[in-house]
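Novice: To start, I am sharing the structure in question, which I have written as structure tokens.
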Amino acid sequence: QVQLVESGGGSVQAGGSLTLSCVNSKSLYGGYCMGWFRHPPGKEREGVAAIQTRSSQTSYADSTKGQFTISVDLDKNTVYLRIISLKPEDTAMYYCAADLRGKCATKIEKADFSYWGQGTQVTVSS
């Protein structure tokens with residue numbers, strides 16, 4: 001099984017920024033879809049961003065576009081999620097996920113991703 005390890009979460013005040021990292025044990029040079037999801041307390045896990053690792057084509061949830069930026073470093077086998085202007089509503093466990101079929105779907109849906117990390121907690125205080 002592919003191993004995904006997230007890091008970069010933490011506790012920040014509203015208005016702050018964080019960069020989350022996801023290290024993939026598998027090389028990303030082949031071209032895959034990597035996604036970021038978040039799971040707020042009491043709510044469903046939702047996709048926030050995805051990137052095709054070779055073309056760098058990106059997709060964002062409507063609620064996060066402009067606030068979230070996804071990127072990939074192929075040499076480091078790492079996908080990043082930059083979050084700016086953090087709000088208390090952004091508090092959630094953030095998960096990295098991989099779809100190794102070679103492309104991303106139009107919508108970021110959890111059913112399309114076969115591999116998941118253990119998550120990194122982001123907590124935003126007022």
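Novice: Would you kindly compute the Cα radius of gyration of the chain and its largest Cα-Cα separation (Dmax), both in Å?
Specialist: Reported Rg and Dmax, both Å: 13.4, 42.
Novice: For the stretch 60-113, compute Rg over Rh where Rg is the Cα radius of gyration and Rh is the Kirkwood radius from the inverse mean 1/r over Cα pairs.
Specialist: Numbers: Rg = 12.5 Å, Rh = 13.0 Å.
Reported Rg/Rh (Cα atoms, Kirkwood Rh): 0.96.
Novice: Counting only protein heavy atoms and a 1.4 Å probe, tell me what percentage of the stretch 67-126's accessible area is made up of carbon and sulfur. Don't skip to the answer; put the middle values down first.
Specialist: Working: 1500 of 3070 Å².
That share works out to 49 percent.
Novice: Given q = 0.18 Å⁻¹, what are the Debye log10 I(q)/I(0) values for the stretch 30-91, with equal point scatterers placed on the Cα positions and solvent ignored?
Specialist: The calculated log intensity ratios at q = 0.18 Å⁻¹ are -0.65.
Novice: Now, a different point. Just by accessible area at a 1.4 angstrom probe, what is the order of C104, C96 from largest to smallest? Working shown, then result.
Specialist: Working: C104 45, C96 0 Å².
Sorted descending by solvent-accessible area, the residues read C104, C96.
Novice: With an 8 Å Cα cut-off and a minimum separation of 6 or more residues, compute the relative contact order for the chain in percent. Each step should come with its number before you reach the end.
Specialist: Numbers: 335 pairs, mean separation 45.8, N = 126.
Dividing the mean separation by the residue count of the chain yields 36 percent.
Novice: Still on this model: Rounding to the nearest 20 debye, state how big the charge dipole of the chain is about its Cα centre with +1 on each Lys and Arg Cβ and -1 on each Asp and Glu Cβ. If you can, show how the numbers build up before the last one.
Specialist: On the way: 13 positive and 11 negative charges, 34 e Å.
The dipole of the chain has a size of about 160 debye.
Novice: Report the one residue of G8, T120, T53 whose Cα lies farthest in the direction of the positive end of the charge dipole of the chain (charges on C-beta: Lys and Arg +1, Asp and Glu -1; origin at the Cα centre).
Specialist: After comparing all options, I get T53.
Novice: Further question on the same structure: Rounded to the nearest whole Å², what accessible area per residue is found for the chain with the 1.4 Å probe?
Specialist: Numbers: 6460 Å² over 126 residues.
Ligands and nucleic acids excluded, the result is 51 Å² per residue.
Novice: Turning to a different aspect of this structure: Please report the accessible area of I108 (heavy atoms, 1.4 Å probe, ligands and nucleic acids excluded) in Å², nearest 10.
Specialist: Counting only protein heavy atoms, I108 exposes about 30 Å² to solvent.
Novice: Right, next: Determine ³J(HN,Hα), in whole Hz, for all residues of the stretch 64-75 in sequence, where each value follows from phi through the Karplus function 6.51 cos²θ - 1.76 cosθ + 1.60 and θ = phi - 60°; x replaces Gly and Pro.
Specialist: 3J(HN,Hα) across the stretch 64-75, in whole Hz: 10, 4, x, 9, 10, 9, 9, 8, 9, 10, 5, 5.
Novice: How big is the dipole moment of the stretch 45-89 about its Cα centre under a simple scheme where the beta carbon of each Lys and Arg is +1, that of each Asp and Glu is -1, and everything else is neutral? Debye, nearest 20, please. Walk me through the intermediate numbers first.
Specialist: Working: 6 positive and 5 negative charges, 7 e Å.
Computed about the Cα centre, the dipole is about 40 debye.
Novice: Another question about this same structure. Which loop GluC sites (Glu not before Pro) in the stretch 1-64, with loop taken from DSSP, have no more than 15 other Cβ atoms within 10 angstrom of their Cβ?
Specialist: Numbers: sites: E6, E44, E46; in loops: E44.
Within the stretch 1-64, the qualifying GluC sites (Glu not before Pro) (loop, at most 15 other Cβ atoms within 10 Å) are E44.
Novice: Which of the aspartates and glutamates could a cross-linker span from K107 if the Cα-Cα distance has to be under 12 Å and same-chain partners fewer than 8 positions apart are dropped?
Specialist: Within reach: E46, D62.
The values are calculated or read from the model by the stated rules, or taken from the named source; none is laboratory data. This one's a predicted model, so the numbers in the text were calculated from it and none came from an experiment. Cβ: placed from backbone, ideal geometry, glycine included. Neighbour counts: every protein chain shown. Accessible surface areas use protein heavy atoms only, side chains included; no ligands, DNA or RNA. Shrake-Rupley method; radii C 1.70, N 1.55, O 1.52, S 1.80 Å.
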